[in-house]
Amino acid sequence: AAAWKEGVLPLWNPYVFCGFPIVGNANSSVFSPFNLLLLAMTPYRAYVFFLAIFFLAGSFAVFYFLNQKMSFSRLASFAGASGLLLCPYLMQFIDYDTVLAFLWSFPVCLILAESKERGTRWVAVTAIFFFFIALAGHVHALLNTLMLFTGYYFLFARRGESWLRHTARFAWAIFFFFGLSVFLLWPVASFFQLSHWLPELAAPGMDWKIPLSPVTSIYLPLIKFPLFEKFMNSVA
């Protein structure tokens, strides 16, 4: 908040250890447009508004998906949206970044997957949607949304078109997303690969943390991808 009010992007935090790359820690969301709330409000009040926006956006998106895409009645759609908005688990972990960012992104990705329009505009909107998640949400939410979108798109949203055309649209959307997001994902990937999560970089006797799930964590994939490791070594 102090950096934003001084007109400085908070890319680096000099007060943590010997310095900490905030831009490399994706849940910091340095470039999120929601950070503009910090210019007009106290940090606590801005964060409360931030939580409200994500909860309400997720609930409205669920209602729209159920009512318009799944043809549920308004009452059934309202019940589904209310179930998300009033979910005890989400209320308990209301400030947990990985849950909060996925709250609104998962119904929107289902809406996009169910869209009848699959032309150039759909490719652009889908790419921008994933870019916005990378911009304003936790990196795990981005990974979870990508996995959900991919599974739903190929299993339930083919709509009788050829596999080649269906796959090509998906590939173009992902390609443009990575093109938009490279300035965000590059420092994040580098930070994760070089962080203390790697056991070989841990200090003697250090109890380094193991991710809870290899499915929802990016740490293990980055460690095991030899091509990524070679690429990072070549540009280091």
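The values are calculated or read from the model by the stated rules, or taken from the named source; none is laboratory data. Here the structure is a predicted model, which means the values were calculated and not measured. Every residue, glycine as well, gets a Cβ built from its backbone with ideal geometry; the counts of neighbours run over all protein chains shown. Heads up: the accessible areas ignore ligands, DNA and RNA and are worked out on the full protein's heavy atoms, side chains in. Shrake-Rupley method; radii C 1.70, N 1.55, O 1.52, S 1.80 Å.
Checking Phe34 against (1) in a helix (DSSP H, G or I); (2) over 15 Å from the mean Cα position of the chain (by Cα), which test does it fail?
(2)
Looking at this structure, is Met232 modelled with pLDDT under 65, assigned to a helix (DSSP H, G or I) and either on the phi < 0 side of the Ramachandran plot or open to solvent by 80 Å² or more (accessible area, probe 1.4 Å) (or both)?
yes
Taking the residues in segment 146-156 that are hydrophobic (A, V, I, L, M, F, W, C) and surrounded by fewer than 18 Cβ atoms within 10 Å (Cβ to Cβ) as candidates, determine which candidate is nearest to Gly24 (Cα to Cα).
Leu146
When you scan segment 39-145 for helices (runs of 4 or more DSSP H) that lie fully inside it, which ones turn up with 3 or more residues that are open to solvent by less than 20 Å² (accessible area, probe 1.4 Å) and either in contact (Cβ under 8 Å) with a residue 24 or more places away in the chain or on the phi > 0 side of the Ramachandran plot (or both)?
Those helices (runs of 4 or more DSSP H) span 43-64, 97-113, 120-136.
Being small (Gly, Ala, Ser), touching a Gly at 6+ places or on another chain (Cβ under 9 Å) and part of a helix (DSSP H, G or I) is the filter here, so list the residues in segment 1-31 that pass it.
Passing the criteria: only Ala26.
Would you confirm, using the coordinates I've provided, whether Leu155 is in a helix (DSSP H, G or I) and in contact with a Phe, Trp or Tyr (Cβ under 7 Å, 6 or more places away or on another chain)?
So Leu155 fails the test.
Exactly one condition in (1) more than 30 Å from Arg45 (Cα to Cα); (2) crowded, with 22+ Cβ neighbours inside 10 Å; (3) at pLDDT below 90 is false for Glu161; which is it?
Here Glu161 clears every test but (2).
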